[in-house]
Amino acid sequence: MRIILVYISLFAFANAYSQNRKFLVHLNKAYPFLVEETSGGSSKIDVEDFDRKEISGYFISAANGWIESLELKRLEQDSSLNKICNSAVLKFSSSRFKNKVYWQREQKNFDYALKLAKVPHRRFVSFGIMVDLLDLEKNEKFFFDRRVKTSDLSLYEGVRPKIMNENHPDYVEPVPLEAKSEAQLCQAFLEQMKKSKAFNKLKKGNYSQIGISVRIEEKSLNRSKRPFLYAVVIFSGKQSPKFDQPEKIKLSLSGYDE
Amino acid sequence: MKLLLLTFSLFITSFLFAYRVTEISEIKGNEMEITEIDLSNKGLTKFPSEVLACKNLTWLSVANNGFVKVPSDLGKISTLKHLDLSKNQNMSQFDLMNLFDSCSFSLNSLDLSASALFFLPDGVPIQRELRKLNLADNYLTVLPYSMMSMSKLRDINLANNKLKDISSIADYWWGLKTIDASGNSGVNSEKLLMSLSFMDGLESVTVSYLTAIPEQFALFGAKELIIKSSTISKFPRTEYSPKIGKLVFEDCVFNNAEATIASINTSETTNYVGLRKMVSVDLIPFLQLEIDSLDIQSNVISDITAISEMSTVSWLDIRGNSIPQSSLKALAENKPEMNMVYGEVIQPSVGIAPPFAEYVQKPTIKKIKADKAQKVRIGKATFDFPEESFVSADGSLYTGPVKLEYTEYTTPEEIFLSGISMTTTSEDETFMLSSGGMFNIEAKDNKGNELALKPGKTVDVTFAATADNQSMPVWQMDQNGVWQMQGTDKVEEVFKVDQRLLDSVMNQDFYEIQLNQIKRYRHRYKPMVGRGERLEDFTISFDRLVSVLPEEDVKFTGLNIEETIRDERSHFLSQYTFVYDGDASRATNEVLMDISREMNHKYGRLKIKGTENSYSKNGPNFSPELSLKPNNSKDNFILTFNFKDTTFNLPVLLIGKKGKKASSKEIEKFYKKYLISHGEYKSERERNADKIRPLLEKQKKAIMKKAKKDEEMRQERLWDMERKYKADMDADASSTSVQRALNINGFGLWNCDARRRMMRPTSFSQAFSSVAGGMIDEEPTAITVLDRTTNGVITFKDKRKAFFDGESKNVFVVFFTGTLVGVYRNWKEKMDDKKIELKMIDVGETSAGDFIKELKP
């Protein structure tokens, strides 16, 4: 038993260690980028052809919209922060997003990543959130059926009917479920951000930059699950105000002036 | 308009041609035309003010004189390019400092050798156009830091000083061609060779006290390397051999000669090896050398037959050894193809045969009385006749009036025109005589009969010499016209200062006082490094080593000024911990750990017993004085501290009270407090500076007063010397700084000469051409070579056997039938492999004075 426990802990350590390493290695190879900030419209999210940068752009626009409504200063997009968020969302495991304690442990990595990426800010706050993609209320039921081809997500409203044969006279065609629209997705994102009290932190600190990156969870597609995506958001800003330089000391002694 | 242009061009061209003078009397009236002045070895005790009026001067030499003051107005001659102040040991270093601080000239060449310099004035490195600098034979211990900016320096001579380290400065002399750093026992020659390894364009390097040749030697690109006074244990292996063509070892000892020889033999580039001033036995292994040219000068070798075994040597220099003619002949027979530099076949000459009867010098006449002892000064010589020293032809004592006829021959042209033979033969070899000065003295009674010196009586002669050569043999020409050696003379350098009594007007102590005049006492701060999550996240804090400091802020102890600094700023920063926020941390981490260890080691023993953390104020005072400034662009702070000569600038973040990164409020509060402590520190330093400033002035005045007093004492000593030597001085008589003292036991022709061999005997080209145009087909009847460098004259009857020293400044006088002679001066006319240009002069139509002018530079 003891040996098994040792092996398990070693495995877990190796896994954790390797995850950090994967994140840093990816960060080292990645390039900074900017996304186009646009407001989300009414068109549905295409799950199969999911454009991460486009969705990131919707989220930034939505976040800035909300920030402005709070009468706070708009956040500027930072390409280095986007790069860090991108590496984090791709390389962090799902447990980081589900458990706040685990997410807090990653702050050291973010701190180091900011230094590596030469971001000129030393104050930051990060959020890892999961956003539901399905256009269905939370408590509503749904079922999964691969054979019926009317839904891209293979998800249908309600309880699974007993009669699934199309040729049966009592067959009732199930109602297909779709992904949220862009605007709905932005709204869901904002709600998650509010739950994380992200905007409260904005009020307290001097944040001026934002970085976002998203990733759809492949394992939630074509399953009997609500599809969702991960998003990593970082706010950063100067930890100190602009200080004046200390006055020079002039002594005018031969060969000795500071 | 044309007339105006012509006048203007004539006016300009009058300045284009070099106008050189060698006497002060020649300056007056020609101030605007003179471009070159040579007043070296003139016995000057005052800097000639006439020089300052020459506004177009480009070349000035006042070497080897005795003046003290150097006028700062010399710096106003903006056209000056070459300045020679060498061998002026009495020169005021104060005035030299003032001269270079306020000068408007931009020199290309400066010679300050043998001037008893203890430091180099700061104004010298500011001469950015300087290409040649000679500082040999001084007492320099350091070179000014600003010498790094002398990027146009090509040749520098630092031999025989007391320098310690020049590698860090030499690194910046990218255009250097030659450097001589020998004779400096404190210089790390290995480090210097490493620094010089990376320079292209190096031609010659001279070093001494080399203990090992560094591996980077492989990159050494100089063509010539001279190693003096070294013990060679190891020589680079073949694959690391440098590209040196000429390698000379002088006064060296080889611990492993075979390995050195093997390395040289396998080198493709080294073809000339010199082994000088070595013990003969140590040269035997070098018979295995396989090179083209071998130089074994000055080794006291007496037998060279073994050299015939060296198959590859085709050029051999064996001057300065005691090799008999028989050994030379044997080697020449065994190896007829070998080119040996040992002597020249000079045709012996005897007697006096003036080439031009009309140009013979007339003697100077002086009348004295024969009965009493007296000092008589004629020309450059002073004769100290004892009483009753004259006898008539019959041997009886003569006491009547005496007419002294005196002629002196000091320059090559005077020697040439006198026709006096300048060769002597010894042990089957004929040598050229290099004259240190020659005179002819005859005594006659009132009836014109010749008088002689009484037997047993000698006359002490002091002769103003033209050069500061070593002591020379004294010769008298006998009745057969052959020179006979009569002892040696004694050289007296009138203005040479006994270094033991040197008053150190601006000596090293003063210079060091300038650098370290304020001693500062403060608490020291030792860096403490803590581990972080990662190597880059290490923490830094400072441990304060509290010292027992004097109570007074500023104290003056006569020579030193002591300042006590409480330094609230560093104390404030030492209470905080910072985390490193930069890259490349491993090196930084290790450096900080090293500093901490070093401080432990050095300050541990200064701890005062019975106290927790108190240290003595003495000991090394390099302490990391701390300061901070915000880096707004990177959102962190830069922590600065100096340790010894290094400045550290570390990007850091503040650590808050809970051990985590500080919050914005904490940082703001911290920085406000820091500014307060910085303000207190600034006030403290400014208060101290207000107290120190007058003390510095006081100290400087005291030193200047002492220095001025010493200079006045030295000036008085010089005036005493002048009075002693010029007791009967004529107004027009010239003197020199170097005197030769000899005893003569008879009248006649006397000479102070050294036997010389030529440095680079070069045979004549066969053809002559005229400067006016066209070849000269007529065969010359004789060729006389006037060697201005060695002060010698040789005449050749056969053009095919004529030769000259290629390293000297020469004048050839080529005689043809008739009154035409051709003159070649190597600074004016041209010579190549095929022909020599001659300026044709008709001596029948030229006066003696004009002819002599043609022979002078």
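Remark: pairs (first residue in region B:746-759, open to solvent by less than 20 Å² (accessible area, probe 1.4 Å) and part of a strand (DSSP E or B); second residue β-branched (Val, Ile, Thr) and modelled with pLDDT of 75 or more; Cβ separation under 7 Å; 6+ apart in sequence or on different chains) = B:LEU749/B:ILE420; B:TRP750/B:VAL474; B:TRP750/B:ILE744; B:CYS752/B:VAL474.
In region B:681-695, of all residues being under 13 Å from B:GLU552 (Cβ atoms) and open to solvent by less than 10 Å² (accessible area, probe 1.4 Å), the one that is modelled with the lowest pLDDT corresponds to B:ILE692. At least 1 residues being of a type in the set (S, T, N, Q) and in contact with a strand residue (DSSP E or B) (Cβ under 6 Å, 6 or more places away or on another chain) is the threshold, and among the strands (runs of 3 or more DSSP E) wholly inside region B:75-164 those reaching it are B:109-111, B:132-134, B:155-157. Does A:VAL89 satisfy the criteria of being outside any loop (DSSP other than H, G, I, E, B), closer than 30 Å to B:LYS660 by Cβ and modelled with pLDDT of 90 or more? So A:VAL89 passes the test. Suppose we filter region B:121-148 for residues that are under 28 Å from B:GLY43 (Cα atoms) and touching a helix residue (DSSP H, G or I) at 6+ places or on another chain (Cβ under 8 Å); how many remain? Of the residues in region B:121-148, 4 are under 28 Å from B:GLY43 (Cα atoms) and touching a helix residue (DSSP H, G or I) at 6+ places or on another chain (Cβ under 8 Å). For region B:773-823, the set of residues classified as open to solvent by 50 Å² or more (accessible area, probe 1.4 Å) and among the polar types (S, T, N, Q) consists of B:THR781, B:THR789, B:THR795, B:THR817, B:THR819, listed by residue number. Scanning region B:579-586 turns up at least one residue that is surrounded by 17 or more Cβ atoms within 10 Å (Cβ to Cβ) and among the charged types (D, E, K, R).
When the criteria are applied in full, B:ASP371 fails the requirement of being open to solvent by 20 Å² or more (accessible area, probe 1.4 Å) and at pLDDT 85 or above. Quick check on A:ILE249: is it within 14 Å of another protein chain (Cβ to nearest Cβ) and either loosely packed, with under 15 Cβ neighbours inside 10 Å or in a loop (DSSP other than H, G, I, E, B) (or both)? In short, yes.
It is to be established whether one or more residues within region B:823-846 are of a type in the set (Phe, Trp, Tyr) and touching a residue at least 60 places away in the same chain (Cβ under 8 Å). No, there is no match, as no residue in region B:823-846 is of a type in the set (Phe, Trp, Tyr) and touching a residue at least 60 places away in the same chain (Cβ under 8 Å). If you scan region A:45-62, which residues turn out to be surrounded by 15 or more Cβ atoms within 10 Å (Cβ to Cβ), out of contact with any Pro (no Cβ under 7 Å at 6 or more places or on another chain) and more than 20 Å from A:GLN77 (Cβ to Cβ)? Within region A:45-62, A:ILE45, A:PHE50 meet the criteria. The set of residues from region B:399-414 being in a loop (DSSP other than H, G, I, E, B), without any contact (Cβ under 8 Å) to a residue 60 or more places away in the chain and open to solvent by 30 Å² or more (accessible area, probe 1.4 Å) comprises just one member, B:THR399.
From the list B:ALA212, B:ALA218, B:ALA222, pick out the single residue that is of a type in the set (A, V, I, L, M, F, W, C), touching a strand residue (DSSP E or B) at 6+ places or on another chain (Cβ under 6 Å) and modelled with pLDDT under 85. Being of a type in the set (A, V, I, L, M, F, W, C), touching a strand residue (DSSP E or B) at 6+ places or on another chain (Cβ under 6 Å) and modelled with pLDDT under 85 holds for just one of B:ALA212, B:ALA218, B:ALA222, which is B:ALA222. For B:HIS571, are the conditions met, namely being open to solvent by 30 Å² or more (accessible area, probe 1.4 Å) and modelled with pLDDT of 80 or more? Yes; evaluated as a whole, the condition is true for this residue. Filtering B:THR640, B:THR647 for residues that are within 14 Å of another protein chain (Cβ to nearest Cβ), among the hydroxyl-bearing types (Ser, Thr, Tyr) and open to solvent by 60 Å² or more (accessible area, probe 1.4 Å) leaves a single hit, B:THR647. Scanning region B:528-568 for residues that are open to solvent by less than 20 Å² (accessible area, probe 1.4 Å) and among the aliphatic types (A, V, I, L, M) yields B:ILE540, B:LEU545, B:ILE561, B:ILE565. When the criteria are applied in full, B:ASN631 meets the requirement of being of a type in the set (S, T, N, Q) and surrounded by fewer than 19 Cβ atoms within 10 Å (Cβ to Cβ).
Is it the case that B:ILE608 is in contact with a Ser or Thr (Cβ under 7 Å, 6 or more places away or on another chain) and within 14 Å of chain A (Cβ to nearest Cβ)? Against the criterion (in contact with a Ser or Thr (Cβ under 7 Å, 6 or more places away or on another chain) and within 14 Å of chain A (Cβ to nearest Cβ)), B:ILE608 does not qualify.
When the helices (runs of 4 or more DSSP H) confined to region A:95-197 are screened for residues that are open to solvent by less than 80 Å² (accessible area, probe 1.4 Å) and away from chain B (no Cβ under 14 Å), those reaching at least 3 such residues are found at A:182-195.
The values are calculated or read from the model by the stated rules, or taken from the named source; none is laboratory data. Computed from a predicted model, the values in this text were never measured in an experiment. Because the Cβ atoms are built from the backbone with ideal geometry, glycine has one as well, and the counts that use them run over all protein chains shown. Just so you know, the surface numbers come from the protein's heavy atoms only, side chains and all, with ligands and any DNA or RNA stripped out. Shrake-Rupley method; radii C 1.70, N 1.55, O 1.52, S 1.80 Å.
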